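First up is the structure itself, then whatever we jot down about it.
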Amino acid sequence: MTPYRNQAFGEIRSGMANNFDAVGGRITGFIDSIRTARPAASLGQKCGMDKSDAIAVDLNCNVLTCQNVSIKGIAPNGELHKIGYASDLANVKLNTATHWSKQDDCPNYPMLQICQGSCMFLKGPLWDTSCDNAYSDAVPIFAAGIEFLTGYVPVRIEGDFREDRKDLFGAAGVRQAASTRKAFPIKVVAV
Ligand code: SF4
């Protein structure tokens, strides 16, 4: 995972990511989460499919867990991804997914404000892989936000979570990233 983290962080610092609004938006969002002390309880799932006003429907008006599944698909918890009918919304129940706040690890992770959980319907090894990828995806954003705020590149996080996630870049990677030019893609940060 560290090669991806190092490359992405290096590209953010060099300005190569400046044309990607999503990158600047995520860094700004993370900085704002610190600036405003945004409570984790206010965070929804990253994909937004946990919102009560967001549903996925197919052309036959079946309601699904999300747009990436079919009515015949079975969620890892054994429930059908078909969770009701658009004509009977009162009985639609999202019983195929687990919100990040109910996962064992998510509430303890420092990337939570960036990650907002990985795919909410995955479980077991698929969830583990998805979570690992989401964590790594968040690390360059986290590091850019912390460096923007403090002038220092975070290389390790101490806390009550998995040991293998505490080393963010590996020693060689940090040296490489730190040698590149710094040009954060952040337009406005109100302090
Ligand atoms: S993250 Fe998972 S639940 Fe959300 S839209 Fe993607 S596949 Fe569906």
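Where a number appears in this text, it was derived from the coordinates with a stated rule and is not lab data. Predicted model, so just to flag it, every value in this text is computed and none were measured. Here Cβ is always computed from backbone atoms with ideal geometry, including for glycine, and neighbour counts include all displayed protein chains.
When its C-alpha radius of gyration is set against 2.2 N^0.38 Å (N residues), the chain gives a value of 1.16.
Only helices enter the 222 nm calculation for the chain: every DSSP H run of n ≥ 4 contributes -39,500 (n - 2.57), and dividing by all residues gives -11000 deg cm²/dmol, rounded to 500. Comparing Leu43, Leu126, Leu59 in a Gaussian network model of the chain (Cα springs below 10 Å), the most mobile by mean-square fluctuation is Leu59.
Of the residues Gly159, Gly24, Gly48, the one that moves most in a GNM of the chain with alpha-carbon contacts below 10 Å is Gly159. Near the amide H of Ile83, within less than 5 Å, lie the amide hydrogens of Val63, Leu64, Thr65, all on another chain or at least 5 residues away, with H placed in the peptide plane.
Neighbour counts of C-beta atoms inside 10 Å place Trp127, Trp100 in the sequence Trp127, Trp100, starting with the fewest.
Among Thr129, Thr150, Thr96, the largest mean-square fluctuation in a Gaussian network model of the chain (Cα springs under 10 Å) belongs to Thr150.
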